[in-house]
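Comments concern the structure below.
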Amino acid sequence: MDTKFFLGIGLAIVIVFCGAAVYTTFSKIPAVSAVPADHEILYQVSTIDALMQGVYDGVQPVGELRKHGDFGIGTFDGLEGEMTVIDGKVYQAKSDGRIYPVTDTTTTPFATVTYFEHDMNATTDRPMNFSVFSTEMNARLPTRNMIYAVRMHGTFPLMKVRAIPAQQKPYPTLTDAAKNQSVYTYSNATGTVLGFYTPVFFKGINVVGFHLHFISDDRLTGGHILDFTVPANTPVEYDITPAFAMPLPTSGAFTGVDLSQDLSEELAKVEQ
């Protein structure tokens, strides 16, 4: 892959979605002041289909990524570990089970960030695993045509996370790389679950539905969530994010990777 790919950020795609009125069990948070326009954008580096096909070279420095959001998830050059962006700080969950702070010069091949502005709440009505949480929260969204930043804090009876070790060239597909992932299961883990819900028509661009990471309050454990138990009465915070931006290359070409195939089934294997 051309190393200049995505480094040129002079162009951006911005897709603006029309918001629907909120008439569900969510409680709307009144706006105290106008939110800056650039805080309402999900900023993304590359696509999930590119990552699925093994495009792991870091193309944007973390320092540049942090200019576009203080909240988000992603991965790092060579697919080394899982990225969590919380309160403007970037952390790396590596396959050794530990969390590391990240310098601004570290690069990413895929990441999504925004400025988290709390818009609405939902509350779990019973204990839920990831599958039940995804189904029920999906049904309760005011509209499924929007992007939502998702955050919840608490003590989770079960938290199952993974991190993939750094890959070497020639890079394998994500499905093959995930076969060597490290999986950690924690009991009564206190920390923050964060990530995004993206609509079904984002297929190939991002992970459809809920894509969530975890980081503990002590910043010692975390990673990409494979499963969890969310207790009853857990507040789930949402930030409606009505716009999407992706930097495009001003030079170079995207070569050597076939993105014409449907990778939905392969992505489902990786998420399990």
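Nothing in this text is a laboratory measurement; each read-out follows from the coordinates by a stated rule. What you are looking at is a predicted structure, and each value in this text was computed from that prediction instead of being measured. Virtual Cβ from ideal backbone geometry, glycine too; neighbours counted across all protein chains shown.
General observations
- Overall form of region 133-248 per C-alpha gyration tensor (a/c, 1.5; a/b vs b/c): oblate
- Cross-link pairs exceeding 23 Å between alpha carbons, from the set LYS67/LYS89; LYS89/LYS169; LYS89/LYS203: LYS89/LYS169; LYS89/LYS203.
- Eligible aspartates and glutamates near LYS179 by straight Cα distance, threshold 16 Å, same-chain separation 8 or greater: GLU80, GLU82, ASP96, GLU265, GLU266, GLU271
- Value of relative contact order over region 36-87, rounded to a whole percent, pairs C-alpha under 8 Å and six or more apart: 30
- Averaging the sequence gap over all C-alpha pairs within less than 8 Å and six or more residues apart, then dividing by the number of residues, gives region 108-183 a relative contact order of 24 percent.
- Close amide-amide hydrogen proximity is noted between ILE73 and VAL85, THR112, each under 5 Å apart and 5 or more residues distant or on a separate chain (H modeled in the peptide plane; Pro and chain starts excluded).
- Amide H contacts of VAL90 (H built 1.01 Å from N, under 5 Å, at least 5 apart or other chain): VAL102
- Computed from label points 7 Å out along Cα-Cβ, the spacing between VAL132 and ASP70 is 3.5 nm.
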